[in-house]
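A short write-up of the structure that comes next.
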Amino acid sequence: MKVLLIGANGHVGKHIVRLLQESDKHSLKAMVREEKQAEVLSQSGVESVIANLEGSVDEIAGAIAGSDAVIFSAGSGGSTGADKTLLVDLDGAVKAMEAATKVGATRFIMVSALQAHNRNSWADSQIKPYMIAKHYADRMLEASGLNYTILRPGGLLNDPSVGKISLASNLAKGTISREDVARTVVASLDEENTFTRSFDLISGDTPIVDALKNV
Ligand code: NAP
């Protein structure tokens, strides 16, 4: 599968880049927003394209063109305000879906956030605007007609991969290493059991491939 990765310079994104470089099943085009990021990727032999989620649908479609699948692992981050959360985590994500549809990239994997589907769990949360953005981006993806998988990881850690996860339609709380999120994303790409499905994702006891096949 030809994969366009949005958020390729991020913490999870960098793990996904490495895993897709090692893959003999998939090829990668990495979307970044700065020339110097593209240069670093090029030095490692990674094809890249410069585009910004705050740009137009056509700009993003130009980046996706030629790909079969989109992985969305971008995010505005905790140091920006609710305005960027709206612009990137919600509108940027929805523009990426529109762009994917426009150029016929039918597979779409979204890195969302644990419990984004469940308003009750973040009713009083300090990150409620972020959770609202994730919630509605996910709902738009579910209604998009794209062949989606939504992975909603718990708190992200920079710990090394343990290669074992817990995956279910509803998991109240938990954490997971960014590398294991990346491994789960990449293993989901062609795992039919995950097509048009959404899951919470935390560290667990089941090897990633088995968890995806049996969920
Ligand atoms: P990260 O390191 O902050 O990476 C986010 C990436 O998004 C960065 O590379 C950033 O680009 C890119 N980005 C931001 N705005 C953009 C724009 N306008 N256009 C294009 N790209 C843009 O995040 P992470 O730790 O890898 O997390 C990955 C995902 O997991 C995010 O969707 C996050 O919301 C989600 N998540 C996080 C947690 C948590 O505990 N932190 C929990 C659950 C889910 P630059 O490199 O140029 O800044």
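Give segment 28-58 a look and list any residue that's of a type in the set (Ser, Thr, Tyr) and assigned to a helix (DSSP H, G or I), or say none.
Hit for segment 28-58 is SER42, nothing else.
Search segment 157-181 for residues being within 12 Å of the ligand (Cβ to nearest atom) and under 17 Å from GLY10 (Cβ atoms), and hand back the single one that is surrounded by the fewest Cβ atoms within 10 Å (Cβ to Cβ).
Among residues in segment 157-181 that are within 12 Å of the ligand (Cβ to nearest atom) and under 17 Å from GLY10 (Cβ atoms), the one surrounded by the fewest Cβ atoms within 10 Å (Cβ to Cβ) is ASN158.
Filter segment 143-156 down to residues that are out of contact with any helix residue (DSSP H, G or I) (no Cβ under 9 Å at 6 or more places or on another chain) and away from the ligand (no atom under 14 Å from the Cβ) and give me whichever is farthest from THR206 (Cα to Cα).
ALA143
List the number of the failed condition for ARG119; all other conditions in (1) over 20 Å from ILE71 (Cα atoms); (2) within 13 Å of the ligand (Cβ to nearest atom) hold.
Of (1) over 20 Å from ILE71 (Cα atoms); (2) within 13 Å of the ligand (Cβ to nearest atom), only one is false for ARG119: (2).
With ILE6, ILE64, ILE16 as the choices, which residue is within 7 Å of the ligand (Cβ to nearest atom), surrounded by 22 or more Cβ atoms within 10 Å (Cβ to Cβ) and either among the charged types (D, E, K, R) or touching a residue at least 12 places away in the same chain (Cβ under 8 Å) (or both)? Before the answer, list the steps.
Working: ILE64 fails: within 7 Å of the ligand (Cβ to nearest atom); ILE16 fails: within 7 Å of the ligand (Cβ to nearest atom).
Unique residue meeting the criteria: ILE6.
Taking the condition closer than 25 Å to ASP180 by Cβ and touching a residue at least 12 places away in the same chain (Cβ under 8 Å), does LEU87 pass?
It is false that LEU87 is closer than 25 Å to ASP180 by Cβ and touching a residue at least 12 places away in the same chain (Cβ under 8 Å).
Which of the residues that make up segment 59-106 are modelled with pLDDT under 95 and either among the polar types (S, T, N, Q) or assigned to a strand (DSSP E or B) (or both)?
Matches in segment 59-106: SER79, THR80.
Just to be sure I understand, how many residues within segment 86-105 are within 10 Å of the ligand (Cβ to nearest atom) and surrounded by 24 or more Cβ atoms within 10 Å (Cβ to Cβ)?
Result for segment 86-105: 4.
Output the residues belonging to segment 13-57 that are more than 20 Å from MET97 (Cα to Cα) and among the hydrophobic types (A, V, I, L, M, F, W, C).
Once the filter is applied, which keeps residues that are more than 20 Å from MET97 (Cα to Cα) and among the hydrophobic types (A, V, I, L, M, F, W, C), segment 13-57 yields VAL17, LEU19, LEU20, ALA38, VAL40, LEU41, VAL46.
The values are calculated or read from the model by the stated rules, or taken from the named source; none is laboratory data. Since this is a predicted model, take the numbers as computed values, not measurements. Here Cβ is always computed from backbone atoms with ideal geometry, including for glycine, and neighbour counts include all displayed protein chains.
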